[in-house]
Amino acid sequence: MSYEDTVDYLCKLLENHPEGYSINSAEVREFLDNYDGYYEALSKKKDVDLDWIVKLIKGEN
């Protein structure tokens, strides 16, 4: 999956999450730029902890 496809994929996962996270694509790009391992996992559509990703994006850790 390309970088842009991965950004779109993560945005859709977050949008469709039961919590309905409102995180924009710029925040997702910044997150993926800072956490390479998540980009690789998402590009391969592996399961990831969306709650943890939201905390990382929002700076709650």
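Throughout, read-outs are computed from the coordinates displayed, never taken from laboratory work. Please read these numbers as outputs of a predicted model, since none were measured by experiment. Reconstructed Cβ throughout: ideal geometry from the backbone, glycine too, with neighbour counts over all protein chains shown.
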In nm, to one decimal, how far is the modelled label at LYS44 from the one at ASN24, with both set 7 Å along Cα→Cβ? 3.2
Candidates LEU32, LEU13, LEU42; GNM for the chain (alpha-carbon contacts under 10 Å) flags as most fluctuating LEU13
So what is the 222 nm mean residue ellipticity for the chain from helices alone, if each DSSP H run of at least 4 adds -39500 (n - 2.57) and you divide by all residues, rounding to the nearest 500 deg cm²/dmol? -20000 deg cm²/dmol
Gain on full stretching of the segment that runs from LEU56 to GLU4 - 0.36 nm per residue minus C-alpha separation: 16.7 nm
Filter the trypsin sites (Lys or Arg not before Pro) in the range 8-61 down to the DSSP loop ones having no more than 12 other Cβ atoms within 10 Å, then list what survives. LYS44, LYS45, LYS46
Under unit Cβ charges (Lys, Arg +1; Asp, Glu -1), what dipole magnitude, rounded to 20 debye, does the range 1-44 have relative to its Cα centre? 120
Identify which of the listed values of Cα Rg over 2.2 N^0.38 Å was calculated from the structure shown: (i) 0.98; (ii) 2.33; (iii) 1.56. (i)
